[in-house]
Amino acid sequence: MNEEEIPDKNIFMMCEALNCDALTELPASYSIRSCRPDELGIWKMMPFDDADSAKEYEGFMSNYFTTTYSGKEELFFAKTLFVCDRQNKPIATCLDWKAYDEFNTIQWFKVLKKYEGQGIGRALLSIIMQRLEMCDYPVYLHTQPSSFRAIKLYSDFGFSLLSGDNFGIRKNDLDECLPILEKFMPKKYFQKLRIINVPKEFEDMVNKYDTNQF
């Protein structure tokens, strides 16, 4: 299996407290701002590495936006951050969001491929995580094994992998994903991953819903 062949599986993570040692600042050549309403199309394309994939999933992104953020568009645009280059072009994005109005999540974390490896993602996640108060924890996220580099970063910030079966309408594929992560992550990073039991209150909350909001 090469990186392009990694299957699309579900991984869930939880952070009970921020590891402040992971924090860093944005490189000086970049700036950060909120997404503007006229940039919704740009945001919908950000998760994908090529135009064909972005076009293929355009309907999915539109449906997700409607399901999750409808009626709260102003809050969405305020919370959705863009890291921009010197030309004010968005090259990374992320937001924190209270899914189902019940628990806090990190969503749509993405750095465009050509900008990876410059510390942009760590700096962006630092900004997002520092916006949260102690009472906002625990914080959850959903990811996939192809995002093994981001999983290492999440782990640095204090996120642990969640065990468990189904979360809402999605199956937790952690057992299937661990061998994939072990294959693609450097050994020292894989060995630092933590696995914890899913809190029952979280499991009960998310299992009430038949839509995905994180």
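Considering the conditions (1) free of Cβ contacts under 8 Å to residues at least 40 places away in the same chain; (2) assigned to a loop (DSSP other than H, G, I, E, B); (3) over 24 Å from MET185 (Cβ atoms), LEU132 is excluded by exactly one of them, (1).
Selection of helices (runs of 4 or more DSSP H) fully inside the range 146-214 by the criterion of at least 3 residues being in contact (Cβ under 8 Å) with a residue 12 or more places away in the chain and surrounded by 14 or more Cβ atoms within 10 Å (Cβ to Cβ) returns 148-157, 174-184, 200-206. PHE103 meets the conditions (1) free of Cβ contacts under 8 Å to residues at least 24 places away in the same chain; (2) closer than 30 Å to MET205 by Cα in every case but one. The failed one is (1).
Here are some residues: PHE77, PHE65, PHE60, PHE82. Which one is within 18 Å of the chain's Cα centre (by Cα) and surrounded by 19 or more Cβ atoms within 10 Å (Cβ to Cβ)?
PHE82
A residue that is in a helix (DSSP H, G or I), within 21 Å of MET46 (Cβ to Cβ) and among the aliphatic types (A, V, I, L, M) cannot be found anywhere in the range 135-144. Using the structure shown, decide if PHE214 is over 20 Å from ASP21 (Cα atoms) and touching a His at 6+ places or on another chain (Cβ under 6 Å). Yes: the conditions hold for PHE214.
To keep it simple, each residue is scored yes or no on (1) in contact with an Asp or Glu (Cβ under 6 Å, 6 or more places away or on another chain); (2) modelled with pLDDT of 95 or more; (3) closer than 22 Å to PHE12 by Cα; (4) β-branched (Val, Ile, Thr).
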{"site": "LEU40", "(1), (2), (3), (4)": "no, yes, no, no"}
{"site": "CYS84", "(1), (2), (3), (4)": "no, yes, no, no"}
{"site": "GLN87", "(1), (2), (3), (4)": "no, yes, no, no"}
{"site": "ALA99", "(1), (2), (3), (4)": "no, yes, yes, no"}
{"site": "ASN104", "(1), (2), (3), (4)": "yes, yes, yes, no"}
{"site": "GLN107", "(1), (2), (3), (4)": "no, yes, yes, no"}
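Condition first: over 24 Å from TYR30 (Cβ atoms), assigned to a helix (DSSP H, G or I) and not small (Gly, Ala, Ser). Can you find one or more residues in the range 101-122 that meet it? No, there is no match, as no residue in the range 101-122 is over 24 Å from TYR30 (Cβ atoms), assigned to a helix (DSSP H, G or I) and not small (Gly, Ala, Ser). If the condition is being of a type outside the set (A, V, I, L, M, F, W, C) and touching a Ser or Thr at 6+ places or on another chain (Cβ under 6 Å), then the range 39-70 contributes only THR67. Looking only at the range 163-214, residues that are polar (S, T, N, Q) and farther than 21 Å from VAL139 by Cα come to 1 in all. Among the strands (runs of 3 or more DSSP E) confined to the range 1-89, the ones with at least 2 residues that are in contact (Cβ under 8 Å) with a residue 24 or more places away in the chain and in contact with a Pro (Cβ under 9 Å, 6 or more places away or on another chain) are located at 11-15, 81-84.
The values are calculated or read from the model by the stated rules, or taken from the named source; none is laboratory data. On a predicted model such as this, the values are computed, not experimentally measured, just so you know. Glycine also receives a Cβ, built like all others from the backbone with ideal geometry; neighbour counts cover every protein chain displayed.
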